[in-house]
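K.L.:
Here it is, the structure in full.
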Amino acid sequence: MNQAPPVEFDQKVRAVLAREPEHAPAEVVFDRRPDFKHRFTLWRFLRPQWPALVLGVILVAVETVAQQAGPLLTQRAIDRGVIPGQIGPVVHAAGLFVIAVIVGQSVTRARIAWTGRLGQRLIKRLRVDVFTHLQRLSQSFFTEERIGRVLTRMTSDIDALQQLLQDGIVNLVVQAFTLVIITGVLFAMNAELALVVVAAVVPVMIFLTLWFRGASDRTYNTVRERIADVLTDLQENLAGVRQVIGFNRQRYNEVAHRNIVGQHRDAKVGVGRVQGIYGPSVDA
């Protein structure tokens, strides 16, 4: 026997429904047309976010100027205050130094928060685009391609791009601004000495950068392939765990996985070796 709900309950339900907004039905279009009419490049990926990128570059520029003001203020304090024995220029330079530090730290905080949010938006879009692309691939692709490699593209490869978008590009812009500012200050202070420094340093830096570009390209690609092999072997073993137990292949699979992980370790060691050569050489 069916009983009607209590009056109080029915009234509360109607009150809740009265406050709920009306939502139009979702429109879903199924097609196989690609989202990108042109070749996918980093510029085409970043272009829709150009206003946010411009603001990020401005924050980086202000941060770099504030950070590079310290050595110049120290030089002025020594030349105009310490050597002549006058306290006024020293106090003035010290006050400007404190202001530069406060401004630099404040802008750094704003820059990290802004570029962090921007990077997460870009990574979200990239993950959705990659997933959407996978949905359009044919069955033959998934038959021939191992699932572990596909998972690598969605996980570790995108995580590596996240480091590029959040840290790599910012560091590149910071270094570029730093180089321009320092070079300008050097030529303003002593053009002949600055020309000697630039002539001695720039060719070496170009050579080291070109070498690092080729070496890092090879080693990082090897690392991406090896981590794909690790995840592929792990996924296949977990998916076929019943067959592994049934055919008593535990020991064999352990040795095979140890070799695959060892190849990944060797690839990472190669990356560390390249970085160990490039970093200290640039500092020297």
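K.L.:
Six or more apart or on different chains, Cβ under 9 Å: which pairs go from a residue in region 201-213 that's in a helix (DSSP H, G or I) to one that's aromatic (Phe, Trp, Tyr)? Could you list them?
P.N.:
Leu208/Tyr278; Thr209/Tyr278; Trp211/Tyr278; Phe212/Tyr278
K.L.:
Pick out, from region 112-180, the helices (runs of 4 or more DSSP H) lying fully within it that include 2 or more residues that are surrounded by 14 or more Cβ atoms within 10 Å (Cβ to Cβ). Full working, then the answer.
P.N.:
On the way: elements: 139-144, 147-154, 156-163.
In region 112-180, 147-154, 156-163 are the helices (runs of 4 or more DSSP H) which contain 2 or more residues that are surrounded by 14 or more Cβ atoms within 10 Å (Cβ to Cβ).
K.L.:
Mind listing just one residue for me: the one in region 257-284 that is touching a helix residue (DSSP H, G or I) at 6+ places or on another chain (Cβ under 7 Å) and either of a type in the set (Gly, Ala, Ser) or without any contact (Cβ under 8 Å) to a residue 24 or more places away in the chain (or both) and, of those, surrounded by the most Cβ atoms within 10 Å (Cβ to Cβ)?
P.N.:
Step one: list which residues in region 257-284 are touching a helix residue (DSSP H, G or I) at 6+ places or on another chain (Cβ under 7 Å), which gives 257, 260-261, 263-264, 267-268, 270-271, 274, 278, 281-282.
Still in the list and also either of a type in the set (Gly, Ala, Ser) or without any contact (Cβ under 8 Å) to a residue 24 or more places away in the chain (or both): 267, 270, 281.
Values: Ala267: 19, Gly270: 17, Ser281: 14.
So, considering only residues that are touching a helix residue (DSSP H, G or I) at 6+ places or on another chain (Cβ under 7 Å) and either of a type in the set (Gly, Ala, Ser) or without any contact (Cβ under 8 Å) to a residue 24 or more places away in the chain (or both), the one surrounded by the most Cβ atoms within 10 Å (Cβ to Cβ) is Ala267.
K.L.:
Kindly indicate which of Leu134, Leu122, Leu151 is in contact with a helix residue (DSSP H, G or I) (Cβ under 8 Å, 6 or more places away or on another chain) and under 17 Å from Gln49 (Cβ atoms). Talk me through it step by step, then tell me what you get.
P.N.:
Values: Leu134 fails: under 17 Å from Gln49 (Cβ atoms); Leu151 fails: under 17 Å from Gln49 (Cβ atoms).
Criteria check complete, one pass: Leu122.
K.L.:
In addition: Looking at Arg226, Arg213, can you tell me which residue is basic (Lys, Arg), modelled with pLDDT of 85 or more and exposed (fewer than 14 other Cβ atoms within 10 Å of the Cβ)? Reasoning before the result, please.
P.N.:
Numbers: Arg226 fails: exposed (fewer than 14 other Cβ atoms within 10 Å of the Cβ).
None of the other options fit; the residue is Arg213.
K.L.:
Right, next: Being open to solvent by 100 Å² or more (accessible area, probe 1.4 Å) and not in a helix (DSSP H, G or I) is the filter here, so list the residues in region 236-248 that pass it.
P.N.:
Going through region 236-248, the residues open to solvent by 100 Å² or more (accessible area, probe 1.4 Å) turn out to be 238, 242-243, 245, 247-248.
Within region 236-248, Phe247, Asn248 qualify.
The values are calculated or read from the model by the stated rules, or taken from the named source; none is laboratory data. This structure is a prediction, so every number in the text was calculated from the model and none was measured. With ideal geometry, Cβ positions are generated from the backbone for all residues, glycine too; neighbour counts draw on all protein chains shown. Heads up: the accessible areas ignore ligands, DNA and RNA and are worked out on the full protein's heavy atoms, side chains in. Shrake-Rupley method; radii C 1.70, N 1.55, O 1.52, S 1.80 Å.
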